[in-house]
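This report refers to the structure that appears directly beneath it.
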Amino acid sequence: MNKELIEALNILEKEKDISKEILFEAIENSLITACKNHFGKADNVRVTIDRKTGDFKVYADKTVVEEVTDEVMEISLANAKLKDMKYEIGDVVVEEIKSKEFGRIATQNAKNVILQKIREEERKILFSQYYEKEKDIVTGVVQRYVGKNVSINLGKVDAMLMENEQVKGEVFYPTERIKLYILEVKDTTKGPKIMVSRTHPELVKRLFEAEVTEIQDGTVEIKSISREAGSRTKMAVWSNNPDVDPVGACVGINGSRVNSIVSELRGEKIDIINWNENPAILIENALSPAKVISVIADEEEKTAKVVVPDYQLSLAIGKEGQNARLAARLTGFKIDIKSESKAREMEEFRDLYAEEDSYYEYDEEYADDYEEEYYENDNE
């Protein structure tokens, strides 16, 4: 019986990752509970379990009295003398209680105490395991749709991918494996409740951290990221080593690294740009692939005025304003984009070109080169 107990505890420890010591304590508490249920009260009861053999004994500390009024708490002097002649009134006698004396209901209650403890510990362990993964990515297996939400199996627990955390247009199939970003882990009576996302910008960041060794070792840093899930992401990177190209490291040989992430995101476009402490240069990079003539950035107001060649205006703004919107989120600046011809008409821009703190002076020759290119393209 005791051998079977030890084997059962070893299996529980291995499968559920519950400490055997915690299980021993649960059994001790269950036996005390059984005593209380059987005798009515048992504040004087204690239990010892041999951790190696599984042998357990239940003892009650009874006070020696002349006349017994409470059989659970007291023992008569005559009975105490039968055990040892040294006992006197007021001494404490340790008396073993046989567990066979417990009734069926008391035994059942003891069993329930053990099972409850196992469930509690299992829940705590699961919560702890997934709480450590909060703000990180995990791989999940699609199970089924629940309305418009998706049930995802994360291994030991299930998570629900809510409709508002799904990328518009993505369709999932049972047994499909997908990457998810853990937003939050809550502890509940039914186990950990895990909130996951496919739309969060940090999902892209974590995917690059997992894919790019230079990011893992700290050589390359992701300084900022902005995303419109399912459509486009812009990411600014910086290298702590002048010999390492941060953009090239993230792209990989023949685009191998970025392509694997694009594949995981089901074709979402990813623009990787160089980070720069100079906000004007950063904004120019952020508006890529559009070419820029001039950037005037106000760091205090967090605003920037940008001039682009006429034929680059639509590219700089992007479809439905997406490129400019992502660039603004990436840099933290409110960006006002004007075409070259429009800027020439506005006194405001002409004055700004002359300011000393502008990124670069208005270059007439530089602008004329773009103008010539624009007309050539237009004629074609």
Would you confirm whether or not segment 228-250 contains a residue that is within 22 Å of the chain's Cα centre (by Cα) and assigned to a loop (DSSP other than H, G, I, E, B)? yes
Hey, does segment 171-181 have a residue that's touching a strand residue (DSSP E or B) at 6+ places or on another chain (Cβ under 6 Å), crowded, with 20+ Cβ neighbours inside 10 Å and at pLDDT 95 or above? yes
Just the residues that are hydroxyl-bearing (S, T, Y) and either without any contact (Cβ under 8 Å) to a residue 24 or more places away in the chain or surrounded by 15 or more Cβ atoms within 10 Å (Cβ to Cβ) (or both), please, taken from segment 240-260. S256
Which fully enclosed strands (runs of 3 or more DSSP E) of segment 261-314 have 3 or more residues being among the β-branched types (V, I, T) and surrounded by 17 or more Cβ atoms within 10 Å (Cβ to Cβ)? 269-274, 303-308
Note: among A60, A80, just one is closer than 19 Å to T33 by Cβ, of a type in the set (A, V, I, L, M) and either in a loop (DSSP other than H, G, I, E, B) or in contact with a strand residue (DSSP E or B) (Cβ under 7 Å, 6 or more places away or on another chain) (or both), namely A60
I need every pair where a residue in segment 269-296 that is basic (K, R) has its Cβ under 6 Å from the Cβ of a residue that is not in a helix (DSSP H, G or I), sequence separation at least 6 or different chains. K269/R232
Within segment 118-171, considering only strands (runs of 3 or more DSSP E) that don't extend past its boundaries, which have at least 3 residues that are closer than 21 Å to E209 by Cα? 137-146
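The values are calculated or read from the model by the stated rules, or taken from the named source; none is laboratory data. Bear in mind the structure is a predicted one, so any value in this text is a computation, not a measurement. Cβ: placed from backbone, ideal geometry, glycine included. Neighbour counts: every protein chain shown.
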